């Protein structure tokens with residue numbers, strides 16, 4: 001088992017933490033995280049990724065202060081830094097893998113916070129020895145969360161609507177493009193709910209999922225947020241990372257429930273509402289409960 005408890009519990013518990021206790025991470029937990037991130041390199045689309053966990057120095061913390069709102073990250077104990085090949089589907093793979101790292105950190109009792117953007121010329125790029133054929137699209141601080149949320153943290157969460165999620169009727173659809181009910185989702189209802197609860201840039205929740213007429217087949221689409229790439233002058237395509245996060249939640253939860261399957265990138269070429277969406281991948285279940 002990847003985690004010490006059901007991944008559904010971990011997903012529900014995880015939230016973005018911006019202020020941390022000035023407390024060291026235990027060596028045994030640090031070793032567990034280091035081992036996991038170093039081996040967590042294979043995403044669903046096969047682009048090569050690599051991750052490291054570092055203890056935060058004063059210089060690392062100072063490096064965040066020049067990155068707009070990231071200067072509001074206070075006293076992290078460490079950072080998970082990731083690099084991925086600059087190839088097709090790389091950001092979806094990166095989002096999938098980094099979210100696994102974040103869920104493992106959550107399982108170990110730590111707080112994290114997705115920090116997406118362009119870090120390719122930052123101190124973090126130096127730490128991971130970023131190569132010419134790689135990009136560094138996100139990092140996450142790691143540490144023990146403050147027992148009580150600070151006023152500024154509460155303001156940020158409220159401004160982003162971080163605790164709010166779109167309803168099923170806005171995200172999941174049947175083959176006729178009508179809202180998918182929980183009953184129609186059947187045994188995939190929980191994996192879809194874990195997608196609904198996934199974090200995303202500015203909490204836009206860009207995933208749109210269509211259940212095909214075939215059993216256990218789900219098409220994942222991206223709905224673009226107009227102007228998001230211009231927000232804060234972000235250069236990295238954060239919404240593709242969001243799709244990788246959604247795929248991670250879906251697959252991990254399905255796997256725990258014995259719903260085996262695989263990802264396929266052959267566009268089904270559907271018509272209708274998907275004309276304004278970007279196809280990402282299709283989940284094809286094996287139709288067997290293990």
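Every number in this text was worked out from the coordinates using simple rules, so none of it is lab data. All figures in this text were calculated on a predicted structure; none of them were measured in a lab. Positions of Cβ are generated from backbone atoms using ideal geometry, with glycine treated the same way; all protein chains shown enter the neighbour counts.
Output the peptides 164-172, 137-145 sorted from most to least packed, where packing is the average of other Cβ atoms within 10 Å over each peptide's residues. Can you show the working numbers first?
Working: 164-172: 15.1, 137-145: 25.2.
Ranking, from highest mean packing down: 137-145, 164-172.
On alpha carbon coordinates alone, what is the Rg over Rh value for the range 168-289, Rh being the Kirkwood radius?
Values: Rg = 14.1 Å, Rh = 14.7 Å.
My calculation puts Rg/Rh at 0.96.
What translational diffusion coefficient, in µm²/s and rounded to a whole number, does the Stokes-Einstein relation yield for the range 7-152 at 20 °C and a viscosity of 1.002 mPa s, taking the hydrodynamic radius as the Kirkwood radius over Cα pairs? Please list the in-between numbers first.
On the way: Rh = 15.4 Å.
Taking Rh from Cα pairs, D becomes 139 µm²/s.
Checking a compactness column here: for the range 75-115, what do you get for Rg(Cα) / (2.2 N^0.38 Å), N being the number of residues? Please report the intermediate quantities before stating the final value.
Numbers: Rg = 11.6 Å, N = 41, 2.2 N^0.38 = 9.0 Å.
The value comes to 1.28.
Considering only C-alpha atoms, what is the centroid distance from the range 162-230 to the range 120-142, in Å?
30 Å
Please list 43-49, 19-25 highest first by mean number of surrounding beta-carbon atoms within 10 Å per residue.
On the way: 43-49: 18.7, 19-25: 15.7.
Listed from highest to lowest mean packing, they are 43-49, 19-25.
Mind ranking 208-218, 242-252 by how tightly packed they are, going by the mean number of other C-beta atoms within 10 angstrom, highest first?
Numbers: 208-218: 17.7, 242-252: 26.2.
Result, highest mean Cβ count within 10 Å first: 242-252, 208-218.
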